Structure formats: C-alpha cells, structure tokens
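The values are calculated or read from the model by the stated rules, or taken from the named source; none is laboratory data. Computed from a predicted structure; not experimentally measured. No Cβ is skipped: glycine too gets one built from the backbone with ideal geometry, and neighbour counts run over all protein chains shown.
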Amino acid sequence: MIIAVVPGSFDPITAGHLDIIKRASDIYDRIIIGIVVNPSKKPLFSLEERLKMVKEEVAGNTAIEVDSFDGLLVEFVKMHGARVIIRGLRAVSDFEHEFQMAQLNRKLSPEIETIFMMASPEYTYLSSSIVKEISQYGGDVSGLVSPNIEALLRRALAKPGEGKELDGYNGPY
Ligand code: ADP
C-alpha cells in the first residue's frame with residue numbers, strides 16, 4: 001500500500017489542486033492532504049476554515065484524508081506512513097523553488113520521494129492568489145473553485161460593514 005501526501009496552503013483549494021489530488025488518488029492507494037498551518041504568506045482563511053473546506057471538497061472519496069501540519073513536511077509524511085510527496089508544476093517559474101524543496105527534503109529523508117505532476121493545461125494559470133485577486137475585485141471565479149468556495153470567498157472578502165471583517169471587532173470605531 002503506497003500512501004502519498006499532497007501538501008499545500010490551500011488558501012483556498014482550487015480546481016487545479018483538486019485535479020492534482022484526483023490524479024494522484026488514481027495512482028496511489030491513499031492520499032493525505034497536508035494543510036500547512038503556518039505559511040509564510042498570511043492566509044485569508046484560518047486553518048480551521050481551510051480544514052473544513054478541503055474536507056468538504058474531497059468528502060466523496062474515502063481514500064483521501066485531510067490533516068494539517070506545523071513543522072517539517074518530512075516528519076508529517078513519516079507520521080502518516082507515507083513515502084511519496086506529490087507537488088504540482090504549473091510553469092518553469094515553479095521549478096526553482098520546487099527543485100530546492102525536493103532536494104532539501106531528500107537530504108532530510110532520503111527514503112521519501114517527491115513526485116511532480118504537470119498541471120493540466122486548463123489550470124496552468126490557476127493559483128489560490130489569482131482566485132483571491134479576482135474575487136476581491138468582484139470578478140467571476142466559477143469553474144476555478146467550487147460553488148462552496150465561491151460563497152466562502154464572497155463572505156471573506158466582503159467590504160467592512162458587509163460581513164466577516166467586522167465579526168468580533170472590538171475597536172473604538
Ligand atoms: P504552496 O504554498 O505549498 O505552494 P499551494 O496551496 O499554493 O501551496 O499549492 C499546493 C500544491 O498544489 C503545489 O504543489 C502547487 O504547485 C500545486 N498547485 C497549485 N495550483 C495548481 C494548479 N493550478 N495546477 C496544478 N497544481 C497546482
């Protein structure tokens with residue numbers, strides 16, 4: 001039984017992520033989606049929100065599990081009894097960073113292999129940040145994320161006074 005980990009920020013999860021996850025689950029026996037707790041970029045969605053949304057997206061597939069990690073990816077991989085890390089490659093610009101991470105992870109744990117999957121042509125331009133940017137300016141992201149994520153984005157990016165940003169606000173204004 002070969003278990004593979006698909007790590008990422010998933011802020012939010014897009015059709016491009018789901019494509020890689022589906023293709024990986026067609027090859028490996030079990031997939032663990034590893035959500036990075038503390039990405040260097042400040043996430044729009046909290047860890048709890050990301051865990052919930054990713055679980056909902058993959059709920060139909062019992063071979064996929066969702067978990068989060070804070071620390072070394074290779075430790076998370078070992079903890080789950082996995083030996084493969086799956087990463088998606090969209091463009092040459094992804095390569096340098098991915099190559100560096102794969103080499104570093106191999107140095108830390110030579111028994112763990114990083115496997116790269118080329119993005120499907122229809123998703124090469126797609127990233128979580130692009131989706132956030134389009135949503136922020138009121139653009140249509142249907143087809144890029146699920147209807148559930150579209151609704152979550154609308155709520156999270158609602159202007160002050162219209163939604164989430166004022167929840168729990170204790171300031172003087
Ligand atoms: P990270 O911050 O670790 O890059 P992301 O959530 O942005 O996390 O991405 C997680 C993984 O999914 C990465 O391997 C990334 O290359 C891949 N990925 C992201 N968007 C796409 C896409 N449109 N097509 C294929 N792979 C993608």
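Of the residues Val74, Val6, which single one is among the hydrophobic types (A, V, I, L, M, F, W, C), farther than 21 Å from Thr124 by Cα and either in contact (Cβ under 8 Å) with a residue 24 or more places away in the chain or crowded, with 18+ Cβ neighbours inside 10 Å (or both)?
Numbers: Val6 fails: farther than 21 Å from Thr124 by Cα.
Testing whether each residue is among the hydrophobic types (A, V, I, L, M, F, W, C), farther than 21 Å from Thr124 by Cα and either in contact (Cβ under 8 Å) with a residue 24 or more places away in the chain or crowded, with 18+ Cβ neighbours inside 10 Å (or both) leaves just Val74.
Residue by residue, here is whether (1) within 9 Å of the ligand (Cβ to nearest atom); (2) surrounded by fewer than 20 Cβ atoms within 10 Å (Cβ to Cβ) holds:
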site: Met1; (1), (2): no, yes
site: Ile13; (1), (2): yes, no
site: Ile20; (1), (2): yes, no
site: Arg30; (1), (2): no, yes
site: Ile33; (1), (2): no, no
site: Ala59; (1), (2): no, yes
site: Ala63; (1), (2): no, yes
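Which of the residues belonging to segment 9-55 are of a type in the set (Asp, Glu), over 22 Å from Ser120 (Cβ atoms) and in a helix (DSSP H, G or I)? Can you show your working first?
Residues of segment 9-55 of a type in the set (Asp, Glu): 11, 19, 26, 29, 48-49.
Add one more test, that the residue is over 22 Å from Ser120 (Cβ atoms), and what stays is 29, 48-49.
Result: Glu48, Glu49.
Look through segment 71-82, keep the residues that are modelled with pLDDT of 95 or more and outside any helix (DSSP H, G or I), and return whichever of them is farthest from the chain's Cα centre (by Cα). Talk me through it step by step, then tell me what you get.
Step one: list which residues in segment 71-82 are modelled with pLDDT of 95 or more, which gives 72-82.
So of that shortlist, the ones also outside any helix (DSSP H, G or I) come out as 72, 80-82.
Numbers: Leu72: 16, His80: 18, Gly81: 20, Ala82: 18 Å.
The extreme case among them is Gly81.
Does Leu126 meet the test of being surrounded by 15 or more Cβ atoms within 10 Å (Cβ to Cβ) and within 15 Å of Leu44 (Cβ to Cβ)?
Working: surrounded by 15 or more Cβ atoms within 10 Å (Cβ to Cβ): yes; within 15 Å of Leu44 (Cβ to Cβ): no.
Taking the combined requirement at face value, the residue does not satisfy it.
Counting just the residues of segment 83-105 that are in a helix (DSSP H, G or I) and in contact with a strand residue (DSSP E or B) (Cβ under 7 Å, 6 or more places away or on another chain), which one comes out nearest to the ligand (Cβ to nearest atom)? Steps first, please.
In the first step, residues of segment 83-105 are kept if they are in a helix (DSSP H, G or I); the result is 92-105.
From what is left, the residues that are in contact with a strand residue (DSSP E or B) (Cβ under 7 Å, 6 or more places away or on another chain) are 95, 98, 102, 105.
On the way: Phe95: 10, Glu98: 7, Ala102: 11, Asn105: 12 Å.
Looking at residues that are in a helix (DSSP H, G or I) and in contact with a strand residue (DSSP E or B) (Cβ under 7 Å, 6 or more places away or on another chain), I get Glu98.
So in segment 106-120, with the set limited to residues that are within 10 Å of the ligand (Cβ to nearest atom) and not in a strand (DSSP E or B), which one is surrounded by the fewest Cβ atoms within 10 Å (Cβ to Cβ)?
Ser120
Suppose the filter is over 30 Å from Asp140 (Cβ atoms), modelled with pLDDT of 95 or more and not hydroxyl-bearing (Ser, Thr, Tyr); does Ile115 pass it? Give the derivation first.
Values: over 30 Å from Asp140 (Cβ atoms): yes; modelled with pLDDT of 95 or more: yes; not hydroxyl-bearing (Ser, Thr, Tyr): yes.
Taking the combined requirement at face value, the residue satisfies it.
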